[in-house]
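Student: Handing you this structure, nothing more for now.
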Amino acid sequence: MATGKLSLKEMKCSNCGADVQFLPGLELTVCGYCGSKFAVSAPAVDVTVDPPDLIAPFRVDENRFLRAIRGWLSEGTFTPDDVLTSEIETKGTYLPFYAWSGEYKADWFASSGYDRQEEYLEMQGDKLVKKRRTVTDWRPSNGVINGKYLIYTLASDSVDPSLARFCEEVPPSSAVSFDPSQLEGYALEPFEKDRTEFLTRVEDLVDSIAESKARPRVPGDRCKDLNCTTTLTSQNCARVYLPFWVTTFLYGGQPFRCVVDGSDAARIAGTRPVDPDRMQKAKRLMLPGKLSILAAGISLVLLPILGMPFLSGAHKWIVLGLVALSIMSAIAGAIAKSVMLSRSRNLRQRLLEEMNAH
Ligand SMILES: [Zn+2]
């Protein structure tokens with residue numbers, strides 16, 4: 001447990017409004033949330049905060065982050081070719097979390113279904129036939145389970161809600177005791193929310209953990225009406241800083257948010273830009289195939305109504321011809337589409353390799 005206060009500098013990002021803290025001596029030039037450059041004249045104020053209990057140090061440096069985010073950005077079916085040319089700037093930022101851990105006890109009640117085969121007689125025509133069917137007998141069941149939990153809740157409002165859920169899915173922790181030197185070179189997001197704000201959510205999460213543990217224990221062939229009454233038998237709450245690279249970049253004037261886990265560069269979440277022209281073009285390429293299958297369907301129904309004998313002579317050849325046409329144009333469309341998409345993918349891949357080589 002760390003003791004004493006931590007002396008930091010604090011700045012407010014003029015672009016996104018996030019409060020960003022950092023060790024005195026560091027010159028913070030980029031916001032850790034939106035990647036926007038701080039105005040040089042932005043005033044930093046002195047603050048003192050309670051140090052966290054634990055910290056997971058950064059394992060992904062700025063170079064690894066850039067490689068990871070560019071690799072991720074270059075993927076996707078309809079990603080624009082020039083997406084990698086957008087400027088990506090950010091600062092590695094420690095986000096504040098409460099780590100809730102402890103043990104729970106859950107009493108569960110359920111209906112267990114037991115299947116059995118039953119023979120019965122049925123009239124078929126004028127005969128009685130012996131048949132079999134499965135019937136389920138339901139009987140109440142119950143039990144008790146004990147288990148452990150570890151839940152992370154993000155104690156900041158600045159992160160986009162969809163990305164916040166991703167950040168909270170922390171893999172088995174590598175957090176160690178806090179040491180101020182681990183903050184060097186990185187930004188910090190202050191603890192904005194009080195731990196009491198999360199008590200109900202933590203209880204609900206432990207409840208669903210208990211339920212998923214109880215479900216496989218319910219006897220019988222099937223289970224319904226599973227109900228758990230969960231009690232937290234112990235609870236610890238630690239303040240933890242976890243490392244993230246959060247960035248917002250502009251493409252076509254629109255902001256796109258992404259986050260890379262600072263302890264595992266393979267963990268990336270966010271939204272990629274999509275090229276609407278290419279999406280339209282792909283749809284257009286598949287259109288002739290769709291239109292000719294529609295024409296085949298219409299002529300199959302409509303021509304007999306207009307007096308042509310159904311599927312004989314001319315009608316048969318018209319329908320068959322349109323079906324063949326639709327198959328050929330569907331194949332041609334699919335080939336043209338895949339050539340277009342793989343050309344774009346190769347272009348992005350080449351650009352990525354060039355950028356990574358530098
Ligand atoms: Zn910002």
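Student: Can you quote the Å³ per residue value for the convex hull of the Cα atoms in the range 178-222, rounded to an integer?
Tutor: So the per-residue Cα hull volume is 144 Å³.
Student: Taking LYS213 as the anchor, which aspartates and glutamates have their alpha carbon closer than 18 Å to its alpha carbon, excluding any fewer than eight residues away along the same chain?
Tutor: Straight-distance partners of LYS213: GLU103, ASP107, GLU203, ASP204, ASP221, ASP225.
Student: Go through the chain and flag any cysteine with no other cysteine's C-beta closer than 4.7 Å, please.
Tutor: Isolated Cys, the chain: CYS167, CYS223, CYS228, CYS237, CYS258.
Student: What percent antiparallel are the DSSP beta bridges of the chain, to the nearest 5?
Tutor: 95 percent
Student: Share of Cα-Cα pairs in the range 8-61 beyond 15 Å, in percent?
Tutor: The calculated P(r) of the range 8-61 puts 53 percent of pairs beyond 15 Å.
Student: Could I ask something else about it? Rounded, prolate or oblate for the range 126-275? Axes are the square roots of the Cα gyration tensor eigenvalues, ordered a ≥ b ≥ c, and the cut-off for rounded is a/c under 1.5.
Tutor: oblate
Student: Gap in Å between the Cα centre of the range 176-240 and the Cα centre of the range 252-271?
Tutor: 24 Å
Student: Can you tally the net charge around LEU163? Count Lys and Arg as +1, Asp and Glu as -1, for every other residue whose Cβ sits under 12 Å from the Cβ of LEU163. Mind dumping the intermediate values first?
Tutor: Working: positive: ARG165, ARG257, ARG267; negative: ASP160, GLU168, GLU169, ASP261.
Summing Lys and Arg as +1 and Asp and Glu as -1 gives -1.
Student: Just the Cα atoms of the range 191-342: what Rg and Dmax do they give in Å?
Tutor: 29.6, 82
Student: If I build a Gaussian network model for the chain, linking alpha-carbon pairs within less than 10 angstrom, which residue out of VAL47, VAL206, VAL83 has the largest mean-square fluctuation?
Tutor: Comparing VAL47, VAL206, VAL83 in a Gaussian network model of the chain, the most mobile one is VAL47.
Student: DSSP loop trypsin sites (Lys or Arg not before Pro) in the range 28-93 with at most 13 other Cβ atoms within 10 Å of their Cβ, which ones? All intermediate terms of the calculation are to be shown ahead of the outcome.
Tutor: On the way: sites: LYS37, ARG59, ARG64, ARG67, ARG70, LYS91; in loops: ARG59, LYS91.
Sites meeting the loop and neighbour criteria: ARG59.
Student: Still on this model: Within straight cross-link reach of LYS337, meaning Cα distance under 20 Å, which lysines are found once same-chain residues fewer than 8 apart are removed?
Tutor: Answer for LYS337, where 20 Å is the Cα cut-off: LYS281, LYS283, LYS290, listed by chain and number.
Student: Helix 314-357: angle to the longest alpha-carbon principal axis of the chain, degrees 0 to 90, nearest 10?
Tutor: Between the helix axis and the principal axis of the chain, the angle is about 20 degrees.
Student: Dividing the Cα convex hull volume of the range 1-121 by residue count, how many Å³ per residue is that?
Tutor: So the per-residue hull volume is 297 Å³.
Student: Any chance you could get the radius of gyration and Dmax over the Cα atoms of the range 277-357, in Å?
Tutor: 19.7, 70
Student: Provide the per residue accessible area, probe 1.4 Å, for the chain, rounded to a whole number of square angstrom.
Tutor: Ligands and nucleic acids excluded, the figure is 56 Å² per residue.
Student: Averaged over every viewing direction, what's the projected area of the C-alpha convex hull for the chain? Give it in nm², one decimal, please.
Tutor: Numbers: hull surface 123.6 nm².
Here the figure is 30.9 nm², rounded to one decimal.
Student: Of PRO276, PRO304, PRO51, which has the largest mean-square fluctuation in a 10 Å C-alpha GNM of the chain?
Tutor: PRO304
Student: What's the carbon and sulfur percent of the range 277-357's accessible surface, probe 1.4 angstrom, rounded to a whole number?
Tutor: 72 percent
Student: Something else: Compute the helix-to-body angle for 62-73: its Cα long axis versus the longest principal axis of the chain, expressed 0 to 90° and rounded to tens.
Tutor: Value to nearest ten degrees: 20.
Student: Hey, rough spin-label estimate for ASP179 and ALA266, points 7 angstrom out along Cα→Cβ, what's it come to in nanometres?
Tutor: 2.8 nm
Student: Which residue, ALA282, ALA296, ALA266, has the most motion in a Gaussian network model of the chain that connects Cα atoms within less than 10 Å?
Tutor: Largest GNM mean-square fluctuation: ALA296.
Student: Leaving out ligands, DNA and RNA, and with a 1.4 Å probe, what % of the accessible surface on the range 200-259 is carbon or sulfur? All intermediate terms of the calculation are to be shown ahead of the outcome.
Tutor: Working: 1450 of 3240 Å².
Reported share for carbon and sulfur atoms: 45 percent.
Student: Cross-link list LYS5/LYS37; LYS9/LYS37; LYS9/LYS91: which exceed 24 angstrom alpha carbon to alpha carbon? Mind dumping the intermediate values first?
Tutor: On the way: LYS5/LYS37 29 Å; LYS9/LYS37 17 Å; LYS9/LYS91 15 Å.
Among LYS5/LYS37; LYS9/LYS37; LYS9/LYS91, the Cα-Cα distance tops 24 Å for LYS5/LYS37.
The values are calculated or read from the model by the stated rules, or taken from the named source; none is laboratory data. Predicted model, so just to flag it, every value in this text is computed and none were measured. Using ideal geometry, Cβ is built from the backbone for each residue, glycine included, and neighbour counts are taken over all protein chains shown. Calculation scope for accessible area: heavy atoms of the full protein, side chains included, ligands and nucleic acids excluded. Shrake-Rupley method; radii C 1.70, N 1.55, O 1.52, S 1.80 Å.
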